[in-house]
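**Q** One structure follows; several queries about it will come next.
A short reminder: the numbers here are calculations on the coordinates, not readings from a lab. Fair warning: this is a prediction, and the values are worked out from it, not measured in the lab. All Cβ positions, even for glycine, are placed from backbone atoms using ideal geometry, and neighbour counts span all protein chains on display.
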Amino acid sequence: MAFSKIDHYEAHHREHHKQSALSVTEGVGEQPIVNPRFVRKRRPQLSTDDYVRGIEQGNITVLSQAITLVESNNPVHYRQAQEIIERCLPKAGRSVRIGITGVPGAGKSTFIEAIGNKVTAEGHRLAVLAIDPSSERSGGSILGDKTRMESISSNPDVFIRPSPSAGSLGGVARKTRETIVLCEAAGFDVIFIETVGVGQSETAVHSMVDMFMLLQISGAGDELQGIKRGIMEMADMVVITKADGENVHKAGLARTQFINALMLFPMPESQWRPQVYTCSSVTGEGLDQVWKGVEDFLAFTRGNGYYHGNRNRQNKYWMYESINEALRGSFYRNPEIEAVIGDYERRILDDRISSFVAAKELLGIYFKTNVALDD
């Protein structure tokens with residue numbers, strides 16, 4: 001087929017354009033966002049025997065994975081976590097459990113870092129369970145305590161586990177209690193539980209520790225105003241932090257005020273009159289006296305039988321708490337309840353039924369369903 005002059009002109013023009021600096025190459029085609037050769041390596045699923053063996057050998061990675069199972073809401077994870085905990089129980093209970101709380105800004109993380117270095121220097125192994133507050137809106141947590149405790153994060157004798165409160169009572173409940181068991185089985189003989197601050201969480205922490213330590217700062221106005229009487233009555237020791245520089249005198253005055261206030265309270269069941277100390281987490285001043293106070297308290301309560309009696313009461317308390325939680329979970333996972341609870345909510349909002357009647361009817365449905373399943 002013969003080409004016309006126009007065809008020859010267009011072909012010549014295209015060839016000239018290709019050789020021109022103004023020509024545009026086709027370029028490289030769009031590349032995939034993910035490397036097609038990338039294969040995600042799944043972490044091998046550990047058996048219960050693997051978990052127990054790793055924990056008893058002090059393997060921090062395995063311990064962390066086991067705690068993740070404890071914190072999981074997956075029923076399969078929950079069952080395996082319970083098996084692990086039951087297997088670890090014989091090697092648990094040999095640590096000293098200390099709850100640490102205080103007003104915001106009291107320097108809880110800095111204090112734990114300073115006293116933690118001292119504790120490990122004396123040959124102890126320390127586990128720090130830092131409860132981080134979860135957002136009521138998003139449910140997220142910063143979990144920044146491990147970052148703040150920089151000097152002990154790399155200490156081989158320290159295990160730091162920040163955990164989200166996840167909306168439970170003040171951030172602590174059964175999961176923290178079970179985490180303590182795993183840490184004890186892994187060989188940690190001193191356990192600190194840092195709470196989110198002065199609030200409802202202290203009641204739960206008090207029910208799982210041998211000693212309750214309250215941190216307070218001076219120079220913030222009326223020293224006793226920010227502390228509720230209930231918290232003061234639970235405290236076995238009060239530590240006034242940041243007692244350095246120009247604040248030393250104010251810390252001394254605050255100590256006198258706290259001593260006078262504590263004398264007005266009735267004698268605790270432990271028969272130990274709470275002591276008040278001042279210290280500086282920056283200079284280290286007073287930390288020796290604080291830890292000596294901890295040892296004195298433990299020796300005193302072990303001597304008069306309170307220490308072991310308190311542990312037994314706590315075990316009984318957590319049995320009932322576990323029952324309550326199991327019943328709660330069973331209720332909300334019940335298919336019959338899931339099917340109708342939304343309708344009951346709408347009827348309550350429309351003022352067609354009272355909250356109390358709705359609760360009674362829902363419980364009736366739940367128990368009727370359970371009886372039918374048992375039959």
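**Q** Checking a compactness column here: for the stretch 48-131, what do you get for Rg(Cα) / (2.2 N^0.38 Å), N being the number of residues?
**A** With N residues counted in the stretch 48-131, Rg over 2.2 N^0.38 Å equals 1.30.
**Q** What FRET efficiency do you get for Leu363 and Ala92 if R0 is 25 Å and r is their Cβ-Cβ distance, rounded to the nearest 0.05?
**A** The formula returns an efficiency of 0.10 here.
**Q** Taking Cα atoms of the stretch 317-374, Rg/Rh with Kirkwood Rh, to two decimals?
**A** 1.05
**Q** Let me know the charge dipole size of the stretch 45-91 about its Cα centre in debye, to the nearest 20, where only the beta-carbon of Lys, Arg (+1) and Asp, Glu (-1) is charged. Don't skip to the end; give the middle numbers.
**A** Values: 4 positive and 6 negative charges, 9 e Å.
Using only the charged Cβ atoms, the result is roughly 40 debye.
**Q** Turning to a different aspect of this structure: Set the bar at 23 Å for Cα to Cα. Now go through Lys91/Lys316; Lys118/Lys316; Lys108/Lys316; Lys108/Lys250; Lys175/Lys360 and name every pair that lies beyond it.
**A** Lys118/Lys316; Lys108/Lys316; Lys175/Lys360
**Q** Also, quick follow-up: If each residue of separation counts as 0.36 nm, what is the full-extension length gain between Trp291 and Asp343 once their alpha-carbon separation is subtracted?
**A** In short, 13.1 nm is gained.
**Q** If packing is taken as the mean number of other Cβ atoms within 10 Å per residue, what is the order of 87-98, 72-83, highest first?
**A** 87-98, 72-83
**Q** Another question, if that's okay. For Val76 and Ala121, compute 0.36 nm times the residue count separating them, minus their Cα-Cα distance, and round to one decimal in nm.
**A** 12.2 nm
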